[in-house]
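Here the structure comes first, spelled out in structure tokens, and everything after it is commentary.
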Amino acid sequence: MNEITIIGAGMAGLMAGWQAAKQGKKVKIVAKGWGATHWLSGCIDIVGYYPVDGTEVVENPVAAVKQIITDNPQHPYGLVGLDDIEAMISALKDECAAAGYPLHGELHRNWLLPSAVGTLRPTCLAPEMMIAGDMRQNSPLLIVGFKQLMDFFPNVVSDNLNKQGITAAQAMVDLRVLRERSFINPVILAEMLEQPAVQKELANQIKPHLGQAERVGFPSVLGMDQAMTVKKELERLLGRPVFEIPSLTPSVPGMRLHHILTQAIVSAGGRIENGMEAIGAKKENGKVTAVYTSTAARPHPHRSQQYILATGGILGGGITTNSDGDVREVVFDLPVTAPLKQVDWFHQDFLDKRGHPIYQSGLSVNKQFQPLDDGGQPVYGNVFAIGTTLAHCEAIRERSFEGVALATGYALARQLGAT
Amino acid sequence: MQDEFNLLDMAEVPLHEWPVEQTLDNCIKCNICVTACPVAAVTDKFPGPKYEAPQAGRFRHDMQPTPDASVDYCSGCRVCNEVCPTGVRIAEINARARRQITKDSGIPLRNRLLGRNELLGKIGSYVPRLANFGLQNPLSRSMADMMFGIAKEAPLPTWSTKGTFWDWFKRTRAQRLKSEKKVVYFNGCATMYYEPFIGQAAVAVFEHNGYEVIVPPQKCCGLPMLSNGEFDAASEYHQYNVDHLHDYAAKGYDIIGTSTSCTLTLKEEAPELLHLTDERSHKLSYATWDIFEWLRERHEAGELKTDFRPLNMVLPYHAPCQYRAHRVGKPALDLLELIPGLDVRESTARCCGIAGTYGYKSEKYQIAMDVGAELFDFVKTQGSQVEMTACDSETCRWQLEHGTDLPSRHPIEYLAAAYGLYDLERRALLNE
Ligand code: SF4
Ligand code: SF4
């Protein structure tokens, strides 16, 4: 029997699984499919905007996290505390550095990196692949796109940067290897760019456009496993720092991070099983004794001492709604904190600055991450919830998505490992 | 076991009540499947799952010609299903699309042949040595390549020269265990005609644990026909199996197979692709188990004997993609890990490439080998002490042997060997 079964393989589930396995726990992660890691930027946001209603960019996440905890002690950061956020960051940095894919940044200082549409986004940790794009230094840029990669338009990036007073030019390359193909996706392109001949052709096409540019930005497709080598080689050929800009899904930097975390879990003795959708649980005497996943035939029971719910909120599919206006947690049917009336789920305006109330729905938990019933008591003694399934947080608007997921996963795993 | 399922609100359990095509509405265009598809990664002839299923699927209609013939390059490995975060039944949508192509333009003789695994098995087993000679002879293989499009290098199986599995089962009837506890064994065509020793190992393991084995009349599960677009023929075969197995299912017997693709077909592929919603197909689906899935249940209930003797070896194990499509985890891995001395190395390769009969086809042979490279490389990196590999699916084992030059065995053979019942080298029971 497993000691810990984790439902969900996003950032929260992977972090919890890794840390628990590292402490010698027998861990299994079950997941419906790949998710958040393949959609996210590959950076670790701790907090980017606070207060969320303002447009104020957070420069120092430490101060912002402290403010969040004071304003809203129920916020996931309030459960975790600054020390565990710090500890999570250093554990993650160590693992990524050991994998030859370093992350850089400090909790007291956000980077300001360009997005794929040329806006500037604050983030706390960024892969070395991206940091030359930091906009707190002002040196001219060249943004390069690939003609066959339809998801990234360098002129959009450069135009928008120019509007913000940043000098940026753009260039579109048309590589022979891409011209020969009928289909291209970010992963295929990333793997092609690991070939030295392709790197040379790329550099040769860029050189005439370099002009006054002191650094060169690309969509985030500069290699999969060999990303750091690709970066160094391009820097050598171009004689300038090179950086990636996170582009559309599937996110190659997200996949690199996913790869590092899953490898870490497997080498710590944990197991990850994919394609398994959790559909229910067996409950006896205030405890959960099995979680069921759907299979090709009858539901399959996963028996375990403890269960960690890391299925994500409304966006991750861990909480669903139906046309009758019910908001449900799908695995254990835990009570969800949500606006009661369906008419209150959304504001009138799609891009309303206040965000839509439904996205704040989630589970209320205590300091041990146990979901609570209406009376404030743990619903089950052996069920825990982490990540964006939690209520009292607006991860998307706060830009705290990775931070909330990783920090809660880390903190819970440390707690469980200590017992 | 049955009890536990009743504890669930059955309304929550998907019962194939709507056509797989409807799941395409769930697609959020995240492209995760496109980057996971092992075929799209190695050939430009196939744009990838998202384009074939949720996208081209919108334009497929019974009365219209199929919008994209490239769907024929989908191997049906279901890696895409495994990673899709929203539950789109991509591989099944593609299989049904292939059916539409065959409706439009007919089924090539080659695909009919490859779909008739059982018939070929039967014919060959009358004259196995002659048939094997034909299959191993470069001249006849070149002719088959030219005439039918069956790749001359592809790893076709060899017929058993010691009789079929049923021959053995009948011959040894007097020695077979009689017991109150009974299981029904679905042997499948490969065990029947090519690898009867897999069935022997399974029977030995069942009996060692006190179960009497019933082998009822059965036919090919129909999967080779389903994946080659021959739905009508597959439907007849499936019906035969339902007719002959459903009484056992109704009585509460577990129906257990050693071929991961046969059991998957009984469980899900046939009902889903043929859109069968009747009670009997459903009962059969629920009664069907892969052998390690079933053994793991026995183990979790504390009922499995663990009197294993050590097997001192490093063993790369690949859970075939057809097995992963059962969505029951990796039960063979769970049990092999109990055997002392056995150092099991889990492969994370997506697919061996063969995907049933896909890699036998001349135009797809190289794609299959390129897909398999990930697995072959994994085996190589486990070092020179590796003497054998393990995989649950027969065609995958043949492909693995072809790609690594190492013998490959079914996990049940290792389990039987650890019980002291089976010789891994000779592939035969020890008492025979
Ligand atoms: S079944 Fe396999 S080959 Fe077919 S689309 Fe899915 S991943 Fe690709
Ligand atoms: S993984 Fe699923 S949701 Fe994503 S593009 Fe493919 S089919 Fe659509």
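No lab work stands behind these numbers, since they all come straight from the coordinates. Just so we're clear, the structure is a prediction, and the values are computed from it rather than from any experiment. Backbone-built Cβ (ideal geometry, glycine too); neighbour counts: all protein chains shown.
Table for the structure above
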item: Residue-span extension gain [B:K182 to B:E300] - 0.36 nm each, minus C-alpha spacing; result: 40.6 nm
item: Sequence-separation-based contact order of the stretch A:131-245, relative, with Cα cut under 8 Å and 6+ spacing, percent; result: 33 percent
item: Computed [θ] at 222 nm, deg cm²/dmol, the protein assembly as shown (DSSP H ≥ 4; -39,500 (n - 2.57); rounded to nearest 500); result: -11000 deg cm²/dmol
item: Reachable aspartates and glutamates, given that their alpha-carbon falls under 16 Å from the alpha-carbon of A:K28 and they are not under 8 places away in the same chain; result: A:E3, A:E273, A:E277, B:E300, B:D334, B:E337, B:E346
item: nm² value of the averaged projected area, convex hull over the Cα atoms of the stretch B:268-335; result: 6.1 nm²
item: Backbone HN-Hα couplings from phi across the stretch A:261-278 [Karplus 6.51/-1.76/1.60, Hz, Gly and Pro as x]; result: 5, 5, 4, 4, 5, 5, 6, 7, x, x, 10, 10, 10, 9, x, 10, 8, 6
item: Computed label-point distance, nm, for sites A:L112 and B:S384 using a 7 Å Cα→Cβ extension; result: 5.9 nm
item: C-alpha center-to-center spacing [the stretch A:311-339, the stretch B:364-409] in angstrom; result: 44 Å
item: Under 5 Å, built H, 5+ apart or other chain: amide partners of A:V242; result: A:V216
item: Relative contact order %, chain A, counting alpha carbon pairs below 8 Å whose residues are six or more apart; result: 24 percent
item: Debye log10 I(q)/I(0) at q = 0.11, 0.12, 0.13 Å⁻¹ for chain B, Cα point scatterers; result: -0.84, -1.02, -1.23
item: Whole-Hz ³J(HN,Hα) from phi, Karplus 6.51 cos²θ - 1.76 cosθ + 1.60, for the stretch A:141-148, glycine and proline x; result: 10, 10, 9, 10, x, 10, 3, 7
item: Farthest positive-ward along the stretch B:165-299 dipole, Cα basis, beta-carbon charges - from B:Q175, B:F186, B:V213; result: B:Q175
item: Contour excess over end-to-end distance, with Cα ends at B:M313 and B:R426 and 0.36 nm allotted per residue; result: 39.0 nm
item: Cα gyration tensor, the stretch B:7-105 - rounded (a/c under 1.5), prolate or oblate; result: oblate
item: Residues of the stretch A:303-322 with amide N under 18 Å of a point placed 7 Å along Cα→Cβ from B:D25; result: A:320-322
item: C-alpha long axis of helix A:401-418 to longest principal axis of chain A, angle in °; result: 50 degrees
item: A:D324/B:R171 FRET efficiency (R0 60 Å; Cβ-Cβ; nearest 0.05); result: 0.45
item: Translational D in µm²/s for the stretch A:84-160 (Stokes-Einstein at 10 °C, 1.306 mPa s, Kirkwood Rh from C-alpha pairs); result: 113 µm²/s
item: Built amide H within the under 5 Å cut-off of A:L193, gap 5+; result: A:G223
item: Approximate shape of the protein assembly as shown as ellipsoid semi-axes (Cα gyration tensor, √5λ), whole Å, largest first; result: 47, 33, 25
item: Karplus-derived 3J(HN,Hα), 6.51/-1.76/1.60, for each residue of the stretch B:149-163, Hz, glycine and proline x; result: x, 9, 3, 6, 8, 4, x, 6, x, 10, 6, 5, 9, 10, x
item: Contact order normalised by residue count of chain B, Cα under 8 Å, 6+ apart, percent; result: 15 percent
item: Within the stretch B:220-294: Cβ-based charge dipole about Cα centre, in debye rounded to nearest 20 (Lys, Arg +1; Asp, Glu -1); result: 180 debye
item: Over the stretch B:303-429: Rg over Rh, Cα atoms, Kirkwood Rh; result: 0.98
item: Only Lys, Arg (+1) and Asp, Glu (-1) charged, at Cβ; the stretch B:303-429 dipole about Cα centre in debye; result: 240 debye
item: Degrees, to the nearest 10: A:154-163 long Cα axis against longest axis of chain A; result: 90 degrees
item: Links that overshoot a 25 Å alpha carbon limit, given the list B:K50/B:K380; A:K147/B:K45; A:K26/B:K267; A:K287/B:K283; B:K330/B:K364; B:K267/B:K361; result: B:K50/B:K380; A:K26/B:K267; A:K287/B:K283; B:K330/B:K364; B:K267/B:K361
item: Antiparallel %, DSSP beta bridges [both residues in chain A], to 5; result: 45 percent
item: DSSP beta bridges in the stretch B:165-299 [antiparallel fraction, %, rounded to 5]; result: 0 percent
item: Residues whose placed amide H lies under 5 Å from that of A:T293, excluding near-sequence neighbours; result: A:I279, A:H300, A:H302
item: Among beta bridges that DSSP assigns inside the protein assembly as shown, antiparallel share in %, nearest 5; result: 35 percent
item: Span from the the stretch A:42-89 Cα centroid across to the the stretch A:137-207 one, whole angstrom; result: 34 Å
item: Acute angle (nearest 10 degrees) that the helix A:11-22 long axis makes with the longest principal axis of chain A, alpha-carbon atoms; result: 70 degrees
item: All lysines inside 19 Å of B:K162 as judged from Cα atoms, apart from same-chain residues fewer than 8 positions distant; result: B:K122, B:K170
item: Dipole of the stretch B:303-429, positive direction: furthest Cα of B:I412, B:C351, B:A428, with charges on the beta-carbon; result: B:C351
item: Dipole magnitude (debye, nearest 20) for the protein assembly as shown, charges at Cβ of Lys, Arg, Asp, Glu; result: 1500 debye
item: Under 17 Å from the Cα of B:K305 - lysines, other chains or at least 8 residues apart; result: B:K181, B:K182
item: Distance from the stretch B:231-246 to the stretch B:75-103 (C-alpha centre basis), Å; result: 22 Å
